[in-house]
Each structure stands twice: as C-alpha cells, then as structure tokens.
C-alpha cells in the first residue's frame, strides 16, 4: 500500500503544536526560562545599553559654566546580569559590577577664558536596574512601560587634561566634581535607557499579531488580558486561534477555561485548548488541504461500482466537512470528525474523473502524544488506540442496495483498517510541521489533561532569526 498524505494529517489531529473570554492557548514562562534568556541575551543587552543616547549635561558654579555633549557609551563589559519576576508588577533586568567608557565633548567658560576637550570618562563597578511592566491595549497588542529605573556609578575617572582640570578645580574639589558628574550621569543614563527601551518596545508592538504557520494558515497570538506576574512564573493568555490567511470561514470558537499544571523544572509550559485545535483544522480545511491516498483494492472497488475497467490511477481524496471535536482527559484524546472521500480515476486521455462521493464519520482515540524538534521541524509522535469507529454512507448513491452496501463496506474497511493503521504508523514514526525559526525546543514532554493538552519544554532562542 502506498499513501500520499499531505499536511492534512495534522489537520485531522489538530495538533500542529502546534472573539471569546478564555484563551485558546496559555503560555507560562518560569523563572528558569528567564534565567536562560538572561544567559543567552547578554550580547543583545550590551548592544541595547551601548546604543543608549545620553543627553547633554550642563552645569554652573560661581563664574564657571560648562557643557558636556555628544556622550557615547563604549566598551561596555557586564560583570553579571539577571532577570527576575517582580510579583504583580513585571520583570526586573539588572546588570552589576560593569565597566564602560563614555566619549564626550566638554566646553568650559569662566568669564575670562574658555577651553574645550574630549575626555573619555571611565565608569567602574556600575549597577543598572530597570523594572518594566507588560499590559495590553484594546486590540490585544502588548504595551510595555518602565516602572522603575536606577543607575549607580560608584567610581568614575574624568580624565580631564591639566588645563581644564585647573579651571574646574577653582570652583570644585575633585570629589565634588566627580559627585556632580556622577549624579547627572545617573539621571541621564536612566533617561537614555528608558528611551531605548521605549524604541525596542515600539518595535515589538509593531508585530502584526499573528504568526504564519504555513503560507495559508496563521496563528493569532494577541493577548487576551495582561500577563500575570507571580513569584516564580509569568502566565500569558493569548487568543491562540488559527485562521486561513485567504478565504477563511468566519466561525466563532469559544474555548473553555483551563489551568496549567505546575511544572517548575521546565522553562516554558504551553496549554492548547480543544478549540485551538478545532480552529487549526478549520483553517487547514479553508486552505483546501486534503489527503490523497491509494490502495491496492481501490481499482476493484471502482470497477465493481461502475462496471468499467477502462481507467488508470485509482485513488481517494479525503476532505473534512466540519471541524472535528476533541475530547481530552488523562486517559487520552478522542477525535470525532465528518469527512468525505472522493474516489477518482484517470481516463485513457488523462482526464481526472470523479467516480463517487462517500461521507465518512470517524471516531479515533490517541495516547502517548509527544513533541520533539529537529533542525527544521517540530515532530509529533503518538499512538492510535483501539477505538477506531468509522461509519460510511452515500446520500447520492442510487440503484441496487446490495451494490451500495458492498461499496460502503469496502471503503469502511480501508478507512477503519488500513487508513487508520497507516496513520498510526506515521504518528509513531513522527509527523513534521515547520518550527518557529527563532525558538528551539528540547526535553519536551506532552500531557493530555482534562480539556487541554499541556506541553512542557526547555527552549533556546536564536535572536538573529527573529524578524
């Protein structure tokens, strides 16, 4: 037996990975996930800090007036960094024991003369902390805001040339000048960090709110409500419903509420509702995905039905008429769907001929689902249980009832035995779907819970491919 089965297989299961009140998909980012993001994102963090625009500093004391302009952070080295959850507020990012250079242009005037210089300020043991919050706007887009920012520069070397230093020392002591410049830099760096963060956040909020799973099917990831920040995790509820990018059916999917189980040793937990799976099925169906198959008995079945053997390439094509229903509990998942099998042949002059349409109602159970990932695909594996009920009928068939029954029974045997068995073998071997380019999954486990599927995983990021 030889089969050609397209991505329709994932349509039937609705388990590709991977308006209502409840989320279709829930994400939980644990502290372990933030720790990993902190470890792998240091280069990006350094670049963001070095790109900070530090605005001008002006000062006046006695007869001395001065301006410090064109300041630019360089050669930043981060001693240590951390990301942690601030319950009920947001996320704290901190760097400590860091060093940096600040290129600058100075102009000083004491009324009797002026002097210019370009000293490079050396900052040592710098500590920076920023706390930001994530909320949502009315359309479900994330809104980022800075709650708090602090910078502390314990040590600074101004590196003033002798003439400029002499002018400043007429009004300041060395320590008071350092304290004055440090206090101003603390404020200016926080101001610059906040501005830089706002630019970054604007880039994130410019994302379209959906992710293309394939060329024709996308996932809506808009926020249902603001993320919830607890002591050890961040809970994010997204719309989590799939849709066809062209010619989609305007159906309403209303997920039921569910709560993820606590798995603290994972970086990321994902909960997928039955309605998210149903929307995936509908989207692939709207995109006209279908499963084409061949079988050694199809030629005999078609010949017995038509009485004609003058054809080639006997085959079947399976489409889904309605969204499958998914029933989930810890014992497994049962999928019920209505579909249609169209028997096709090719005439001697290469014209495709539709022989007959047969309606199919199937009820199949799955267990031991698992998700893994290779270099290019997310791989779904699992087992088909003994429950494989199939009913076939043909409302358009006319003529001898015995002949009709023979046709339906023959197709039923193919569906109930060979088709489901073959699908079970494919599922055991692994079904692939395109992975998200910037996210890698490993040490992944799947658990079928009551009314949702939970995926717990370690993950790594490829920030360079995030676009």
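The values are calculated or read from the model by the stated rules, or taken from the named source; none is laboratory data. Computed from a prediction, not measured in an experiment: that's the story for all the values here. Using ideal geometry, Cβ is built from the backbone for each residue, glycine included, and neighbour counts are taken over all protein chains shown.
Data overview
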read-out: Cβ pairs under 9 Å, 6+ apart, first in the range 152-165 and farther than 8 Å from residue 117 by Cβ, second in a loop (DSSP other than H, G, I, E, B); value: 158/119; 159/119; 165/158
read-out: Some residue of the range 73-86 being over 16 Å from residue 50 (Cα atoms), surrounded by 14 or more Cβ atoms within 10 Å (Cβ to Cβ) and over 35 Å from the mean Cα position of the chain (by Cα); value: no
read-out: Among the candidates 381, 336, 367, 345, residue that is surrounded by fewer than 22 Cβ atoms within 10 Å (Cβ to Cβ), closer than 25 Å to residue 213 by Cα and touching a helix residue (DSSP H, G or I) at 6+ places or on another chain (Cβ under 7 Å); value: 381
read-out: Lone unmet requirement of (1) at pLDDT below 95; (2) surrounded by 13 or more Cβ atoms within 10 Å (Cβ to Cβ); (3) out of contact with any helix residue (DSSP H, G or I) (no Cβ under 8 Å at 6 or more places or on another chain) for residue 203; value: (2)
read-out: Residue 147, sole failed condition from (1) under 30 Å from residue 209 (Cβ atoms); (2) surrounded by 14 or more Cβ atoms within 10 Å (Cβ to Cβ); value: (2)
read-out: Entirely in the range 1-67, the helices (runs of 4 or more DSSP H) that have 3 or more residues that are buried (at least 16 other Cβ atoms within 10 Å of the Cβ) and modelled with pLDDT under 80; value: 8-13
read-out: Only one of 336, 319, 296 that is farther than 20 Å from residue 410 by Cα and more than 26 Å from the chain's Cα centre (by Cα); value: 336
read-out: Verdict on residue 91 being buried (at least 17 other Cβ atoms within 10 Å of the Cβ) and under 19 Å from residue 34 (Cβ atoms); value: yes
read-out: Criterion: in the same structural domain as residue 334 (by TED's automatic domain parsing), modelled with pLDDT of 75 or more and either under 14 Å from residue 362 (Cα atoms) or assigned to a helix (DSSP H, G or I) (or both) - qualifying residue of 418, 406; value: 406
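The rows are residues; the columns are (1) under 22 Å from residue 25 (Cβ atoms); (2) loosely packed, with under 14 Cβ neighbours inside 10 Å; (3) in contact with a helix residue (DSSP H, G or I) (Cβ under 9 Å, 6 or more places away or on another chain).
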site: 253; (1), (2), (3): yes, no, yes
site: 258; (1), (2), (3): yes, no, no
site: 307; (1), (2), (3): no, yes, no
site: 311; (1), (2), (3): no, no, yes
site: 319; (1), (2), (3): no, no, yes
site: 326; (1), (2), (3): yes, no, yes
